[in-house]
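Asker: Quick one: the structure is below, and I'll ask about it shortly.
The values are calculated or read from the model by the stated rules, or taken from the named source; none is laboratory data. Remember, it's a predicted structure, so these values are computed and weren't measured experimentally. Quick reminder, even Gly has a Cβ in these numbers, built from the backbone with ideal geometry, and neighbours come from all protein chains shown. Quick note on the areas: whole protein, heavy atoms, side chains included, nothing else; ligands and nucleic acids left out. Shrake-Rupley method; radii C 1.70, N 1.55, O 1.52, S 1.80 Å.
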Amino acid sequence: MEKNDAKPKWYEPSREVTEQANVKEYDQLYRYSIENREAFWAEQANQLSWYKKWDKVLDDQQAPFYNWFVGGRTNIILNAIDRHLKSATRNKLAVIWEGEPGDSRTFSYHALNREVSQFANILKSMGVRKGDVVTIYMPQIPEQLFAMLACAKIGAVHSVVYGGFSHEALADRINDANSRVVITADGGYRRGKVVEMKSVVNKAMELSPTMEICITVKRTGIDVYMENDRDYWLHDLKSLPIASNKCETEEMDASDMLFLLYTSGSTGRPKALVHTHGGYSVYTATTHRMVFDIKPEDRYWCAADPGWITGHSYIVYGPLINGSTIMLYEGAPNHPYPDRWWKMVEKYGINILYTSPTAIRGLMRFGDSWPNRNDISSLRLLGSVGEPINAEAWSWFHRAVGRGNCPIMDTWWQTETGGFIIAPLPITPLKPGSATKPFFGNELAIVDDAGKEVPDGEEGNLVIKSPWPGLAKSVFNDPQRFVDTYWSKYKEQGWYHTGDSAKKDEDGYYWIIGRNDDVIKVSGYRLGSAEIEGIMATHPAIVEAAAIALPHQLKGNAIHITAVLKSTYKPTKELEHELMVHMEEHLGKIARPEAIVFAEALPKTRSGKIMRRLLKSRALGLPDGDLSTMEE
Ligand code: PRX
């Protein structure tokens with residue numbers, strides 16, 4: 001894989017792009033946004049509808065628990081649906097969906113409102129109230145979106161769990177959130193096969209004492225087990241009078257919870273970040289409008305899974321607030337052939353395509369002929385997120401997909417940040433592999449462990465020095481963990497610690513290197529070393545295990561395990577395979593290790609911490625580094 005720090009080549013945006021750009025100038029507006037942060041965000045917030053406007057833009061009295069648009073009354077649905085019903089947007093397509101087998105459905109904003117209102121009334125009839133957590137575990141079908149929006153509409157809190165997670169991972173998240181209701185489907189399609197989902201939910205419910213109700217969408221028609229008074233088919237509920245088309249949107253406080261989203265950190269079990277109705281609406285809408293240069297006639301496709309933050313912010317909320325037409329696709333990018341995506345770009349006339357380096361590399365290996373055989377000239381802008389994009393993938397995306405005309409918006413951000421923190425605008429000259437400059441209102445720095453800025457070109461810790469409206473409000477039920485994880489390293493300075501290492505070059509461009517903690521990014525998916533090791537250790541053969549990330553051609557990183565076996569077990573190929581399956585079963589397919597090596601012991605510090613850095617440098621054939629803290 002090419003390195004990001006290969007000599008950068010500039011890509012100047014074309015006149016065609018700059019002339020129509022929503023934001024025509026960066027430097028001045030950036031300076032203004034830093035010097036007048038609250039005024040800048042108030043101007044953005046003024047572009048949205050509110051039941052009642054805020055009394056104060058930012059309250060930092062309880063920092064790092066920042067409160068944006070204090071006293072403001074809203075609901076994200078007021079902006080994502082309700083206000084569009086009063087304009088011509090009402091009859092515009094909100095959603096174009098294509099299933100993997102080739103079936104398709106479309107919904108105007110009017111139809112979206114109907115579907116969401118019906119779903120909201122159904123949830124209400126099941127006793128779901130403001131503040132209740134509803135778990136959503138679904139394939140990528142329109143009902144996934146309707147379920148999320150229906151929760152928001154009635155003030156319930158959704159917790160979407162990625163559909164690739166195992167029943168145990170699902171149960172952990174249901175239990176942590178004290179969720180009573182789960183919404184799922186019988187299954188979904190992936191690579192021509194049915195992936196079962198309801199059966200996974202059934203197993204999870206056995207481990208979840210709080211779970212009372214499960215609503216299931218019939219997607220595939222496979223046989224599923226349904227239990228009386230617990231399980232309901234959505235289509236049955238929709239035929240009842242309770243599922244009326246009319247439902248009032250619940251008026252919420254700007255700081256009320258909108259959703260929980262579980263994500264992995266460097267220690268312990270996944271934690272749920274909390275995002276709110278007010279600040280998150282303003283931040284996702286503004287970043288989406290400016291970075292993706294949204295025009296009313298655009299057809300916008302973010303090919304992420306709604307189960308992750310990218311899906312929440314840039315499939316669902318930001319785009320719908322901006323009244324965009326969004327594309328949703330259920331299945332694999334190369335099914336039945338590697339031009340499935342390009343066929344859909346042509347068929348639906350997609351203008352903006354936002355995806356991940358892993359997906360780009362995956363399609364790149366099939367070569368140029370696949371995009372070439374389709375007319376994808378409708379594309380105007382491209383985007384990338386989730387991991388550093390290597391120069392080779394960048395160039396292929398730019399040339400073969402963008403035909404050299406489409407700027408690539410490499411957006412750096414996190415579940416915690418709610419939206420883009422570093423991202424170009426279409427007018428920004430690009431350097432492949434750099435996410436370029438901070439988005440408006442954000443002050444960043446690259447610092448050493450003591451908080452001193454490192455010179456340009458040197459690697460350091462990426463910090464965010466100022467609050468922004470998309471920042472998560474807290475960790476659900478564990479505010480101390482929020483403080484400890486993000487705000488303790490640079491406590492005195494009050495900076496947000498991202499956990500990423502990065503460099504800034506002499507032009508002020510940021511280059512993300514990767515995580516500098518024990519978070520592993522596999523194909524852009526975020527997993528924790530501790531989480532993986534914990535599951536490995538539940539296998540009867542294992543004494544203990546260490547998980548590290550090593551570079552992988554396609555996935556960016558892959559999981560490598562060093563395991564210590566109990567004396568009664570032999571290190572065989574069969575056991576290695578069994579352990580891989582164990583990870584898949586207990587966490588999900590994305591957690592399947594690339595390789596497992598067996599060792600007599602793990603290298604540890606004198607205080608008993610696994611020295612993952614040493615395992616990594618040895619695997620990469622690099623020098624050991626400082627071993628002074630290592631136990632004998
Ligand atoms: O390491 C960074 C990487 O993804 C991490 C955040 O992961 P998650 O919360 O799952 O959110 C992913 C989607 C926003 C970051 O700490 N990352 C994200 N975007 C980029 C990136 N690394 C390099 N370049 C990016 N554009």
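Asker: Test G268 against the stated conditions and say whether it is farther than 23 Å from S434 by Cα and open to solvent by less than 10 Å² (accessible area, probe 1.4 Å).
Answerer: no
Asker: Sticking with this one: Out of the residues in segment 431-467 meeting the condition of being basic (K, R) and within 21 Å of T286 (Cα to Cα), tell me which one is most open to solvent (accessible area, probe 1.4 Å).
Answerer: K465
Asker: Before we move on, is I321 within 16 Å of the ligand (Cβ to nearest atom), hydrophobic (A, V, I, L, M, F, W, C) and in contact (Cβ under 8 Å) with a residue 40 or more places away in the chain? Walk me through how you get there before you give the answer.
Answerer: Values: within 16 Å of the ligand (Cβ to nearest atom): no; hydrophobic (A, V, I, L, M, F, W, C): yes; in contact (Cβ under 8 Å) with a residue 40 or more places away in the chain: yes.
Criteria not met by I321.
Per-residue answers, yes or no, for (1) part of a strand (DSSP E or B); (2) surrounded by 14 or more Cβ atoms within 10 Å (Cβ to Cβ); (3) free of Cβ contacts under 8 Å to residues at least 40 places away in the same chain; (4) touching a Phe, Trp or Tyr at 6+ places or on another chain (Cβ under 6 Å):
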site: Y225; (1), (2), (3), (4): no, no, yes, no
site: H235; (1), (2), (3), (4): no, no, yes, no
site: E250; (1), (2), (3), (4): no, yes, no, no
site: F259; (1), (2), (3), (4): yes, yes, no, no
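Asker: Okay, moving on. Please count how many residues of segment 308-339 are under 18 Å from the mean Cα position of the chain (by Cα) and part of a strand (DSSP E or B).
Answerer: Summing the residues that are under 18 Å from the mean Cα position of the chain (by Cα) and part of a strand (DSSP E or B) in segment 308-339 gives 4.
Asker: Pick out the one residue from R399, R361 that is within 16 Å of the ligand (Cβ to nearest atom) and either buried (at least 22 other Cβ atoms within 10 Å of the Cβ) or not hydroxyl-bearing (S, T, Y) (or both).
Answerer: Criteria check complete, one pass: R361.
Asker: Now for a separate question. With the requirement that a residue be of a type in the set (S, T, Y), within 11 Å of the ligand (Cβ to nearest atom) and surrounded by fewer than 18 Cβ atoms within 10 Å (Cβ to Cβ), what does segment 486-533 give you?
Answerer: Within segment 486-533, S501 is the sole residue that qualifies.
Asker: If you go through segment 372-393 one residue at a time, do you hit one that is farther than 17 Å from D298 by Cβ, surrounded by 23 or more Cβ atoms within 10 Å (Cβ to Cβ), modelled with pLDDT of 95 or more and of a type in the set (S, T, N, Q)?
Answerer: yes
Asker: Name the single residue that is least open to solvent (accessible area, probe 1.4 Å) among those in segment 29-67 being in contact with an Asp or Glu (Cβ under 7 Å, 6 or more places away or on another chain) and of a type in the set (F, W, Y).
Answerer: Restricting to residues being in contact with an Asp or Glu (Cβ under 7 Å, 6 or more places away or on another chain) and of a type in the set (F, W, Y), the top hit is Y66.
Asker: List, please: which pairs have Cβ atoms under 8 Å, are six or more places apart or on different chains, and start with a residue in segment 524-537 that is farther than 23 Å from L575 by Cα and end with one that is of a type in the set (F, W, Y) and open to solvent by less than 20 Å² (accessible area, probe 1.4 Å)?
Answerer: That search, which allows pairs on different chains as well, returns nothing.
Asker: Considering segment 237-246 alone, what residues qualify as being open to solvent by 20 Å² or more (accessible area, probe 1.4 Å) and touching a helix residue (DSSP H, G or I) at 6+ places or on another chain (Cβ under 9 Å)?
Answerer: If the condition is that a residue be open to solvent by 20 Å² or more (accessible area, probe 1.4 Å) and touching a helix residue (DSSP H, G or I) at 6+ places or on another chain (Cβ under 9 Å), then K238, L240, I242, S244, N245, K246 are the ones that fit.
Asker: Among the candidates I446, I464, which residue alone is β-branched (V, I, T), farther than 22 Å from F397 by Cβ and within 13 Å of the ligand (Cβ to nearest atom)?
Answerer: Values: I446 fails: within 13 Å of the ligand (Cβ to nearest atom).
Exactly one of I446, I464 is β-branched (V, I, T), farther than 22 Å from F397 by Cβ and within 13 Å of the ligand (Cβ to nearest atom), namely I464.
Asker: Exactly one of these conditions fails for T562: (1) within 16 Å of the ligand (Cβ to nearest atom); (2) assigned to a strand (DSSP E or B). Give me its number.
Answerer: Condition (1) is where T562 drops out.
Asker: So, one more: Of everything in segment 85-99, what is open to solvent by less than 10 Å² (accessible area, probe 1.4 Å) and either more than 22 Å from the chain's Cα centre (by Cα) or hydrophobic (A, V, I, L, M, F, W, C) (or both)? Give them in sequence order.
Answerer: A94, V95, I96, W97
Asker: Is there any pair with a first residue in segment 54-73 that is at positive phi and a second that is open to solvent by 60 Å² or more (accessible area, probe 1.4 Å) and modelled with pLDDT of 95 or more whose Cβ atoms are under 9 Å apart and which are 6 or more apart or on different chains, and what are they?
Answerer: Close Cβ pairs satisfying both conditions: F69/K53; F69/D55; F69/K56; G71/K52; G71/K53; G71/D55; G71/K56.
Asker: Only residues in segment 390-416 that are among the acidic types (D, E) count as the first member; pair them with residues that are surrounded by fewer than 20 Cβ atoms within 10 Å (Cβ to Cβ) and outside any strand (DSSP E or B), Cβ under 6 angstrom, at least 6 apart or cross-chain, and list the lot.
Answerer: Listed by first residue and then by second, the contacts come to E392/E2.
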